[in-house]
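A short write-up of the structure that comes next.
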Amino acid sequence: DVCKRFAIKDFPTFLFFQQGLMYEYMGARTVADFERFIDGGYKDATGILIPNPPSISNTIQDGLKALSLHLRDSFTNRSLAFFILVLVVVNIVIFRSCFKFRRHSIHDKKVD
């Protein structure tokens, strides 16, 4: 992920890459100020080594983390859905049994 690799937290973030270093632009958002920064103003800023791209093992670890979170969320959502379904079915069964009991009790009374 590019944002993670370059520690980008705010948008827009302007980074200038020069001779293996990364410089974050913090000045005004004008064309003239951008040009001044690129033409040498970056030398007044602190350069940071460009972070290496993630390795295959990092990519696999990130993928496994995302998969485990997805499975956990899916299990939680399915458990909740199953619980709600059981509640609905139980309520339907109770309602129908009460309705049947009431209907039978009315018809079972003897008329003199």
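All of the numbers you see were taken from the coordinates with simple rules; none came from a lab. In this text, all values refer to a predicted model and were calculated from it rather than measured experimentally. Here Cβ is always computed from backbone atoms with ideal geometry, including for glycine, and neighbour counts include all displayed protein chains.
Compared with the alpha-carbon gap, the fully stretched path from Val90 to Leu64 is longer by 5.5 nm at 0.36 nm per residue.
Toward the positive end of the charge dipole of the chain, with +1 on the Cβ of Lys and Arg and -1 on the Cβ of Asp and Glu, the farthest Cα among Ile94, Gly63, Ala32 is that of Ile94.
Principal-axis analysis of the Cα atoms of the chain puts helix 56-108 at an angle of about 20° to the longest axis. Given a Förster distance of 35 Å, report the FRET efficiency between Arg5 and Ala81 from their Cβ-Cβ distance, rounded to the nearest 0.05. FRET efficiency, Arg5 to Ala81: 0.40. Multiplying the residue separation of Leu15 and Leu49 by 0.36 nm and subtracting their alpha-carbon distance yields 11.0 nm. For the chain, the mean residue ellipticity at 222 nm estimated from helices alone is -20000 deg cm²/dmol, where every DSSP H run of n ≥ 4 contributes -39500 (n - 2.57) and the total is divided by all residues, rounded to the nearest 500.
Compactness of the chain was expressed as the Cα radius of gyration divided by 2.2 N^0.38 Å, which yields 2.49. Dipole size of the chain about its Cα centre, with +1 on Lys/Arg Cβ and -1 on Asp/Glu Cβ: approximately 1260 debye, rounded to the nearest 20. Placing a pseudo-label 7 Å from each Cα along the Cα-to-Cβ vector at Arg36 and Asp73 gives an inter-label distance of 4.5 nm. Near Met22, the amide H atoms lying under 5 Å from its own belong to Ile48, Leu49, Ile50; only residues 5 or more places off or on other chains count, and H is placed 1.01 Å from N.
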